[in-house]
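J.: The following block contains the structure, expressed as C-alpha coordinates.
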Amino acid sequence: MSLTLTYFPVRGRAEVIRVMLKDQGAEFDEKVITMEMWKESTLKASCLFGQLPIFEDGDLTLYQTNAIRRHLARKLGLYGKDQREAALIDMMDEAIQDLLNKYVKLMFEKDDSGKEGYLKALPTDLKPFEKTLSGDKGSFLVGDKISLADYALVILLIHHQVLSPPCLHAFPSLQSYLKRLCARPNLHAYFHSDDFKNRPIIPGKRT
(Lines give C-alpha, C1' and ligand atoms only; values in the text may rest on other atoms or scores of the structure.)
Protein backbone atom coordinates (compact mmCIF):
# COMPACT_ATOMS: atom_id res chain seq x y z
CA MET A 1 0.00 0.00 0.00
CA SER A 2 1.25 3.49 -0.84
CA LEU A 3 1.39 5.96 2.04
CA THR A 4 1.14 9.74 1.52
CA LEU A 5 1.26 12.52 4.10
CA THR A 6 0.10 16.00 3.16
CA TYR A 7 1.09 18.87 5.43
CA PHE A 8 2.72 22.27 5.70
CA PRO A 9 6.55 22.70 5.61
CA VAL A 10 6.75 22.71 9.43
CA ARG A 11 6.93 20.03 12.11
CA GLY A 12 3.65 21.00 13.72
CA ARG A 13 1.01 18.35 14.32
CA ALA A 14 2.37 16.05 11.61
CA GLU A 15 5.86 15.58 13.03
CA VAL A 16 4.87 12.71 15.29
CA ILE A 17 3.45 10.94 12.22
CA ARG A 18 6.75 11.40 10.38
CA VAL A 19 8.67 10.11 13.39
CA MET A 20 6.55 6.97 13.64
CA LEU A 21 6.96 6.20 9.95
CA LYS A 22 10.69 6.95 9.92
CA ASP A 23 11.42 4.80 12.96
CA GLN A 24 9.43 1.88 11.57
CA GLY A 25 11.17 2.11 8.20
CA ALA A 26 7.88 2.68 6.41
CA GLU A 27 8.29 4.35 3.05
CA PHE A 28 5.93 7.26 2.42
CA ASP A 29 5.55 10.23 0.13
CA GLU A 30 5.03 13.71 1.45
CA LYS A 31 3.13 16.48 -0.28
CA VAL A 32 4.22 19.86 1.05
CA ILE A 33 1.58 22.59 1.06
CA THR A 34 2.80 26.16 1.50
CA MET A 35 0.55 28.75 3.10
CA GLU A 36 0.20 30.43 -0.28
CA MET A 37 -1.02 27.17 -1.80
CA TRP A 38 -3.37 26.63 1.12
CA LYS A 39 -4.94 30.06 0.76
CA GLU A 40 -5.20 30.03 -3.01
CA SER A 41 -6.20 26.46 -3.80
CA THR A 42 -9.41 24.52 -3.24
CA LEU A 43 -7.58 22.02 -1.00
CA LYS A 44 -8.93 23.48 2.25
CA ALA A 45 -12.50 23.21 1.05
CA SER A 46 -11.91 19.60 0.03
CA CYS A 47 -10.61 18.60 3.48
CA LEU A 48 -13.33 17.01 5.59
CA PHE A 49 -12.60 19.23 8.61
CA GLY A 50 -10.91 22.06 6.72
CA GLN A 51 -7.43 21.36 8.03
CA LEU A 52 -4.23 19.37 7.56
CA PRO A 53 -2.69 16.83 7.85
CA ILE A 54 -4.15 14.43 5.34
CA PHE A 55 -2.94 10.84 5.35
CA GLU A 56 -3.60 8.42 2.53
CA ASP A 57 -3.08 4.70 3.00
CA GLY A 58 -4.00 3.16 -0.32
CA ASP A 59 -7.68 3.98 -0.84
CA LEU A 60 -8.14 5.08 2.78
CA THR A 61 -8.01 8.85 3.39
CA LEU A 62 -7.76 10.08 6.97
CA TYR A 63 -7.91 13.50 8.57
CA GLN A 64 -7.18 14.45 12.21
CA THR A 65 -3.70 13.81 13.58
CA ASN A 66 -4.64 11.47 16.40
CA ALA A 67 -6.86 9.33 14.18
CA ILE A 68 -3.90 8.97 11.81
CA ARG A 69 -1.58 8.11 14.68
CA ARG A 70 -3.89 5.43 16.03
CA HIS A 71 -4.37 3.96 12.56
CA LEU A 72 -0.60 3.70 12.12
CA ALA A 73 -0.17 2.28 15.60
CA ARG A 74 -2.59 -0.55 14.83
CA LYS A 75 -1.11 -1.08 11.38
CA LEU A 76 2.52 -1.13 12.56
CA GLY A 77 2.06 -3.01 15.84
CA LEU A 78 2.59 0.00 18.11
CA TYR A 79 -0.48 -0.37 20.31
CA GLY A 80 0.71 -2.87 22.92
CA LYS A 81 0.49 -6.63 23.06
CA ASP A 82 -3.06 -6.84 24.41
CA GLN A 83 -6.09 -4.78 25.42
CA ARG A 84 -4.62 -3.99 28.83
CA GLU A 85 -1.51 -2.44 27.32
CA ALA A 86 -3.60 -0.63 24.72
CA ALA A 87 -5.67 0.95 27.50
CA LEU A 88 -2.51 2.06 29.34
CA ILE A 89 -1.06 3.46 26.12
CA ASP A 90 -4.25 5.46 25.60
CA MET A 91 -4.00 6.77 29.17
CA MET A 92 -0.40 7.91 28.74
CA ASP A 93 -1.13 9.38 25.34
CA GLU A 94 -4.05 11.43 26.67
CA ALA A 95 -1.76 12.93 29.31
CA ILE A 96 0.83 13.74 26.64
CA GLN A 97 -1.85 15.40 24.51
CA ASP A 98 -2.83 17.55 27.49
CA LEU A 99 0.74 18.83 27.75
CA LEU A 100 1.02 19.18 23.98
CA ASN A 101 -2.07 21.38 23.86
CA LYS A 102 -0.59 23.68 26.51
CA TYR A 103 2.67 23.82 24.56
CA VAL A 104 0.93 24.61 21.25
CA LYS A 105 -1.03 27.41 22.91
CA LEU A 106 2.24 28.88 24.21
CA MET A 107 3.94 28.60 20.82
CA PHE A 108 1.20 30.60 19.11
CA GLU A 109 1.20 33.44 21.61
CA LYS A 110 2.31 36.74 20.11
CA ASP A 111 4.93 37.34 22.80
CA ASP A 112 6.76 35.46 25.58
CA SER A 113 4.52 36.69 28.39
CA GLY A 114 3.25 33.19 29.14
CA LYS A 115 6.61 31.43 29.00
CA GLU A 116 7.61 31.99 32.62
CA GLY A 117 4.36 30.60 33.99
CA TYR A 118 4.47 27.68 31.58
CA LEU A 119 7.98 26.67 32.61
CA LYS A 120 7.09 27.07 36.28
CA ALA A 121 4.25 24.56 35.87
CA LEU A 122 6.22 22.20 33.61
CA PRO A 123 7.85 20.10 36.38
CA THR A 124 4.41 19.17 37.70
CA ASP A 125 3.37 18.11 34.19
CA LEU A 126 6.53 16.01 33.72
CA LYS A 127 6.48 14.24 37.10
CA PRO A 128 3.98 11.50 36.12
CA PHE A 129 6.16 10.51 33.15
CA GLU A 130 9.28 10.52 35.29
CA LYS A 131 7.51 8.32 37.85
CA THR A 132 6.33 5.91 35.16
CA LEU A 133 9.82 5.56 33.70
CA SER A 134 11.50 5.22 37.09
CA GLY A 135 10.04 1.75 37.63
CA ASP A 136 11.79 -1.56 37.04
CA LYS A 137 10.59 -1.67 33.44
CA GLY A 138 11.42 1.86 32.39
CA SER A 139 12.50 1.35 28.80
CA PHE A 140 9.13 2.48 27.43
CA LEU A 141 6.00 4.11 28.82
CA VAL A 142 4.03 0.87 28.57
CA GLY A 143 5.31 -2.67 28.22
CA ASP A 144 8.55 -3.73 26.62
CA LYS A 145 8.04 -2.25 23.15
CA ILE A 146 7.84 1.25 21.73
CA SER A 147 4.29 2.50 21.28
CA LEU A 148 2.11 5.28 20.01
CA ALA A 149 2.62 7.22 23.24
CA ASP A 150 6.42 6.99 23.19
CA TYR A 151 6.69 8.73 19.84
CA ALA A 152 4.47 11.56 21.05
CA LEU A 153 6.50 12.03 24.22
CA VAL A 154 9.87 11.91 22.48
CA ILE A 155 9.10 14.67 19.99
CA LEU A 156 7.44 16.76 22.71
CA LEU A 157 10.52 16.46 24.94
CA ILE A 158 12.81 17.40 22.05
CA HIS A 159 10.77 20.53 21.45
CA HIS A 160 10.75 21.39 25.15
CA GLN A 161 14.53 21.24 25.19
CA VAL A 162 14.47 23.89 22.46
CA LEU A 163 12.12 26.00 24.58
CA SER A 164 14.20 25.54 27.74
CA PRO A 165 17.42 23.47 27.47
CA PRO A 166 17.61 22.69 31.21
CA CYS A 167 13.98 21.60 31.50
CA LEU A 168 14.87 17.91 32.05
CA HIS A 169 17.74 18.42 34.48
CA ALA A 170 15.60 17.37 37.45
CA PHE A 171 14.28 14.29 35.64
CA PRO A 172 17.01 11.66 35.21
CA SER A 173 14.66 8.93 34.00
CA LEU A 174 13.24 11.18 31.30
CA GLN A 175 16.75 12.18 30.26
CA SER A 176 17.83 8.54 29.95
CA TYR A 177 14.62 7.65 28.14
CA LEU A 178 15.02 10.42 25.60
CA LYS A 179 18.67 9.60 25.00
CA ARG A 180 17.87 5.90 24.56
CA LEU A 181 15.01 6.41 22.12
CA CYS A 182 16.86 9.04 20.10
CA ALA A 183 19.67 6.50 19.69
CA ARG A 184 17.40 4.09 17.82
CA PRO A 185 19.12 3.85 14.41
CA ASN A 186 16.30 5.20 12.28
CA LEU A 187 15.45 7.97 14.72
CA HIS A 188 19.10 8.95 15.15
CA ALA A 189 19.45 9.25 11.38
CA TYR A 190 16.25 11.24 11.04
CA PHE A 191 16.91 13.65 13.92
CA HIS A 192 20.34 14.42 12.44
CA SER A 193 19.00 14.92 8.94
CA ASP A 194 18.62 18.29 7.23
CA ASP A 195 14.94 17.50 6.70
CA PHE A 196 14.34 17.49 10.44
CA LYS A 197 16.78 20.21 11.49
CA ASN A 198 15.67 22.69 8.83
CA ARG A 199 11.96 22.21 9.38
CA PRO A 200 10.59 24.79 11.84
CA ILE A 201 8.44 23.63 14.76
CA ILE A 202 5.80 26.11 13.65
CA PRO A 203 6.15 29.03 11.23
CA GLY A 204 8.89 31.30 12.58
CA LYS A 205 9.99 28.83 15.29
CA ARG A 206 13.09 27.22 13.80
CA THR A 207 15.33 25.11 16.05
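The values are calculated or read from the model by the stated rules, or taken from the named source; none is laboratory data. This is a predicted model, so every value here is computed, not measured. Don't worry about glycine lacking a Cβ; one is built from the backbone with ideal geometry, like all the others, and counts go over all protein chains shown. Surface accessibility is based on the protein's heavy atoms, side chains included, excluding ligands, DNA and RNA. Shrake-Rupley method; radii C 1.70, N 1.55, O 1.52, S 1.80 Å.
J.: What range in the chain is the longest one free of chymotrypsin sites (Phe, Trp or Tyr not before Pro) that are in a loop by DSSP and have at most 10 other Cβ atoms within 10 angstrom?
T.: For chymotrypsin sites (Phe, Trp or Tyr not before Pro) (loop position, at most 10 other Cβ atoms within 10 Å), the longest site-free span of the chain is 109-207.
J.: Which residue, chosen from 5, 163, 49, occupies the Cα position most advanced towards the positive end of the dipole of the chain, where the dipole is computed from +1 (Lys, Arg) and -1 (Asp, Glu) charges on Cβ about the Cα centre?
T.: The residue sitting farthest along the positive end of the dipole is 163.
J.: Sequence neighbours fewer than 8 away in the same chain don't count; with that in mind, list the lysines whose C-alpha is under 16 Å from residue 44.
T.: 31
J.: I'd like the distance separating the alpha-carbon centroids of the stretch 1-71 and the stretch 176-196, in whole Å.
T.: 22 Å
J.: Another question, if that's okay. In Å and from the alpha-carbon atoms only, list the Rg and Dmax of the chain.
T.: 17.1, 54
J.: Sticking with this one: Per residue, how large is the accessible surface of the chain? Use a 1.4 angstrom probe and give square angstrom.
T.: Here the residues of the chain average 55 Å² of exposed surface.
J.: Report the full-extension gain for the segment residue 175 to residue 26: residue separation times 0.36 nm, less the Cα-Cα distance, to one decimal in nm.
T.: Gain on stretching residue 175 to residue 26: 50.9 nm.
J.: Right, here's the next one. On a straight-distance basis, which aspartates and glutamates could pair with residue 110 in a cross-link, Cα separation under 14 angstrom, same-chain partners fewer than 8 positions away excluded?
T.: Cα-Cα hits under 14 Å: none found.
J.: If you don't mind, there's one more thing I want to ask. Exceeding 19 Å between C-alpha atoms, which entries from my cross-link table qualify? They are 105/179; 75/145; 145/179; 75/102; 22/75; 102/131.
T.: Pairs exceeding 19 Å: 105/179; 75/102; 102/131.
J.: Mean Kyte-Doolittle of at least -1.0 and a Cα length of 30 Å or more along the axis: which whole DSSP H helices of the chain meet both?
T.: Helix filter hits for the chain: 83-107.
J.: Need the full-extension length gain, residue 131 to residue 189, defined as separation in residues times 0.36 nm minus the C-alpha distance. One decimal, nm.
T.: 18.0 nm
J.: Give the residue list of GluC sites (Glu not before Pro) in the stretch 35-110 that are DSSP loop and have at most 15 other beta-carbon atoms within 10 angstrom.
T.: 109
J.: Do the sum for the chain: with -39,500 (n - 2.57) for every DSSP H run of n ≥ 4, divided by all residues, what is the mean residue ellipticity at 222 nm, to the nearest 500 deg cm²/dmol?
T.: So the helix-based figure for the chain works out to -16500 deg cm²/dmol.
J.: Separate question: Output ³J(HN,Hα) for the stretch 3-12: one whole-Hz value per residue in order, computed from phi by the Karplus curve 6.51 cos²θ - 1.76 cosθ + 1.60 with θ = phi - 60°, and x for Gly and Pro.
T.: Going residue by residue, I get 10, 9, 10, 10, 7, 6, x, 9, 5, x Hz, with x marking Gly and Pro.
J.: Follow-up question, since we're still on this one. Between residue 119 and residue 102, what is the spin-label point distance in nm, taking each point 7 Å from the Cα along the Cα→C-beta axis?
T.: Each label point is offset 7 Å from its Cα along the Cβ direction, giving 1.5 nm.
J.: May I ask you to compute the full-extension gain from residue 110 to residue 198, defined as 0.36 nm times their residue separation minus their alpha-carbon distance, rounded to one decimal in nm?
T.: Length difference between fully extended and current span is 29.4 nm.
J.: What is the packing order of peptides 153-163, 178-188, taking the mean over residues of other C-beta atoms within 10 Å and listing the highest first?
T.: Ranking, from highest mean packing down: 153-163, 178-188.
J.: If I model a spin label at residue 76 and residue 48 as a point 7 Å from the Cα along the Cα→Cβ vector, what separation in nanometres do I get?
T.: If labels sit at residue 76 and residue 48, their model points lie 2.1 nm apart.
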